[in-house]
Amino acid sequence: GILESAPHMPGAFEHFTAFTDGFEVTSGHSTRILEAGDTARYPADVPHRIANRSGQVAKGLMILLYRSSRGETA
């Protein structure tokens, strides 16, 4: 499957950790292939997506961070 996301609010950032092989993470014009145990950290205030390219059931964990206009993390 593929999770396609529109840009979140300015300053948003995601951390995605692959528990299985075969993930492809794209943020803006940058793409990265993840193996089990890899973590991608990328801007989420641009179009971004996470795709399972393995053909197998895939598992991962995503954390979405928002920064306030004062620089605080929420």
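The values are calculated or read from the model by the stated rules, or taken from the named source; none is laboratory data. Being a predicted model, the structure only gives us computed values, none of them experimental. A quick note on method: Cβ atoms are made from the backbone with ideal geometry, for glycine too, and the neighbour counts reach across all protein chains shown. Heavy atoms of the whole protein, side chains included, go into the accessibility calculation; ligands, DNA and RNA do not. Shrake-Rupley method; radii C 1.70, N 1.55, O 1.52, S 1.80 Å.
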Q. Can you tell which of V57, V46, V25 shows the greatest fluctuation in a Gaussian network model of the chain with Cα springs below 10 Å?
A. V57
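For S54 and E24, calculate 0.36 nm times their separation in residues minus their Cα-Cα distance, and state this gained length in nm to one decimal.
9.9 nm
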Q. At a 1.4 Å probe radius, carbon and sulfur cover how many percent of the accessible area of the chain?
A. 57
Q | Loop-located chymotrypsin sites (Phe, Trp or Tyr not before Pro) in the stretch 1-71 whose Cβ has at most 16 other Cβ within 10 Å (DSSP) | A | F19, Y66
Q) In a shell of Cβ-Cβ distance under 12 Å around T39, excluding T39 itself, what net charge do Lys and Arg (+1) and Asp and Glu (-1) give? A) -1
**Q.** Overall Cα dimensions of the chain, principal axis frame, Å, largest first
**A.** 42, 21, 16
**Q.** Along the chain, longest interval not containing exposed trypsin sites (Lys or Arg not before Pro), exposed being DSSP loop plus at most 16 other Cβ atoms within 10 Å
**A.** 1-52
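Rounded to two decimals, what is Rg over Rh for the stretch 1-44 when you use alpha-carbon atoms and the Kirkwood radius?
0.96
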